[in-house]
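Here the structure comes first, spelled out in structure tokens, and everything after it is commentary.
Just so you know, all these numbers are worked out from the coordinates, no wet-lab data involved. All values reported here derive from a predicted model rather than from experimental measurement. Every residue, glycine as well, gets a Cβ built from its backbone with ideal geometry; the counts of neighbours run over all protein chains shown.
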């Protein structure tokens, strides 16, 4: 599609030279898609040319349109609406373009000139609670961005930094130590991550009770929060862990092991994967080395209490704590170590961090600190900041146990997809196993598409009921469109209608032209999504493709047309539409069914 657009620009530049004896390079001309209420495919806005050509916008449009239709075979017609020249492309050109697209290999990259060694870090769960709805948006964004960047030809590593140490982990450990009575996931009959999450909530419950008791005794609120016995014990446990206390480390390994088993099960269910796992327990020591390096270079400073800070006032970020007075690390400490480890491992020229917008300040600090240290990879860091996910009931809070659990949500949308699909009654001949695979595919398609179709930067409201609808801008609608195409192709095969593209097709239907244009836009959609780090652009493309195909299905006879060449061409067009629907959805991490 870009090649065709460039050819039309070159022809317009030649037309300006011939008609107006003026030089306007092709690269200075901008074409835009023609509005749907006018005939045409490309539109040139002629207002910017009036000064250089000395004519009115409508005169310019009329003169250029006449020259193009007389001298450029690819332009079959035109119309001028005020200062807009709308160009119609010859059907033979659309058929030629479609023929080229049909020969494009599935794995052909879409070069963008962007970074070639990329690390995309996503998920980054804490080992004190199970994954929830917010984690799902994170995982789906990270996986999809990685797949989109792969489609540009980049070498992409999917990385997961597990937050497996710190005060929050010690909170769950302390509560389990005091109230768990040796309970195991097997005994409790629940996944390990759910079990540990239960104790995180239990810690907060008892901690708050202690804070309220201290406040009732006249202790100031901020002091009560710091001096509550459970908080002091959790801090003692963190110091013991960093000191390598055998009992504490043993409990930490046992509880984290249970959590990892639970995470792995969830990752398999939601269809995301990782090439490299990092653990904060293995990166924080390197981070401490970087803090020491900063002290030696004089870019960090130590306060009287022994804590280490960096002054980022010149960067507009104030002062930032890098190491506590007791020597224990904070988030930024291990992030310094992880950034270096990733660079050592992969030599990236782009490191994408998929982290919620609540951490915008933290990510600005990380990049600024690395620049202070003179690290060559500081400028390669990109924060893919995304908005939080809300529910009709409001914001989720892990410590209060009011989150929407990822496992439960997946089950919920799968059941909803099952109910909607059974109402259609088109599953005859499928085994129970095939039906269950279909229900899961549709449920995950509904969930992923709903979370990915919104621009990552926007905060969003999640509505499970809307997500599983078979009509409108939903994953199941697009999946259904692919199944419809598969059904058509199977029927065509039984009628001996091939999928070859005839040399002569005749006059194309308006929606055929529109469908070819959309299919041809696939590389452009991938390129735009890669540059913007936005799966939402691929989601919109997939929806437009499915919506236009359904219009094609309703308005154009495919297997019923008496013309053999048209039947064959329309089956081929259907097949290629299905191919690019599938390719687009796979970039979102969504599979599509052959029937439903």
Worksheet item: For region 122-400, how big is the tail of P(r) above 23 Å, as a whole percent of Cα pairs?
Response: 59
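For region 171-233, which semi-axes, largest first and in whole Å, follow from the square roots of 5 times the eigenvalues of its Cα gyration tensor?
Numbers: eigenvalues 163, 16, 14 Å².
Semi-axes from the Cα gyration tensor: 29, 9, 8 Å.
Which values, in whole Å and largest first, are the semi-axes of the equivalent ellipsoid of region 406-587 obtained as the square root of 5 times each eigenvalue of the Cα gyration tensor?
The three semi-axes for region 406-587 are 30, 22, 12 Å.
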Practice prompt. Based on the mean of other Cβ atoms within 10 Å per residue, sort peptides 441-448, 362-369, 131-138, 342-349 so the most packed one is first.
Written response: 441-448, 131-138, 362-369, 342-349
Discussion item. Based on C-alpha coordinates, I'd like the Rg and Dmax of region 456-495, in Å.
Written reply: 15.3, 50
Practice prompt. Select one label from [x] 42, 28, 20; [y] 54, 32, 19; [z] 33, 29, 25: the one whose number is semi-axes √(5λ) of the Cα gyration tensor in Å as derived from the coordinates shown.
Written response: [y]
Discussion item. So for each of 139-146, 295-302 I average, over its residues, the number of other beta carbons within 10 Å; can you give me the resulting order with the highest mean first?
Written reply: 139-146, 295-302
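Between rounded, prolate and oblate, where does region 149-271 land on the alpha carbon gyration tensor, with a ≥ b ≥ c its root eigenvalues, rounded for a/c under 1.5, else prolate if a/b exceeds b/c?
Numbers: a/c = 2.15, a/b = 1.76, b/c = 1.22.
It comes out prolate by the Cα gyration axes.
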Worksheet item: Quick one: if you take sqrt(5λ) for each eigenvalue of the C-alpha gyration tensor of region 6-59, what semi-axes come out, biggest first, whole angstrom?
Response: 20, 14, 9
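If you wrap region 1-97's Cα atoms in a convex hull and average its projection over all directions, what's the area in nm²?
Numbers: hull surface 22.1 nm².
With every direction weighted equally, the projected area is 5.5 nm².
For the chain, what is the mean residue ellipticity at 222 nm derived from helices alone (per DSSP H run of n ≥ 4: -39500 (n - 2.57); sum divided by total residues; nearest 500 deg cm²/dmol)? The partial results should precede the final answer.
Details: 22 runs with 334 residues, N = 596.
About -18500 deg cm²/dmol.
Could you give the length gained on full extension between residue 344 and residue 106, defined as 0.36 nm per residue of separation minus the Cα-Cα distance, in nm? Spell out each step's value before the answer.
Values: separation 238, 0.36 × 238 = 85.68 nm, distance 3.27 nm.
Length gained, residue 344 through residue 106: 82.4 nm.
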Discussion item. I need the peptides 11-20, 476-485, 415-424 ranked by packing, meaning the mean over residues of other C-beta atoms within 10 angstrom, with the highest value on top.
Written reply: 476-485, 11-20, 415-424
Worksheet item: Hey, what D do you get for region 206-307 in µm²/s if you plug the Kirkwood alpha-carbon radius into Stokes-Einstein at 4 °C and 1.567 mPa s?
Response: 73
Worksheet item: Do you know the relative contact order of region 285-346, to the nearest whole percent, from alpha carbon pairs under 8 angstrom that are 6+ apart?
Response: 33
Worksheet item: Any idea what Rg and Dmax come out to for region 63-149 if you just take the C-alpha atoms, in Å?
Response: 23.6, 71
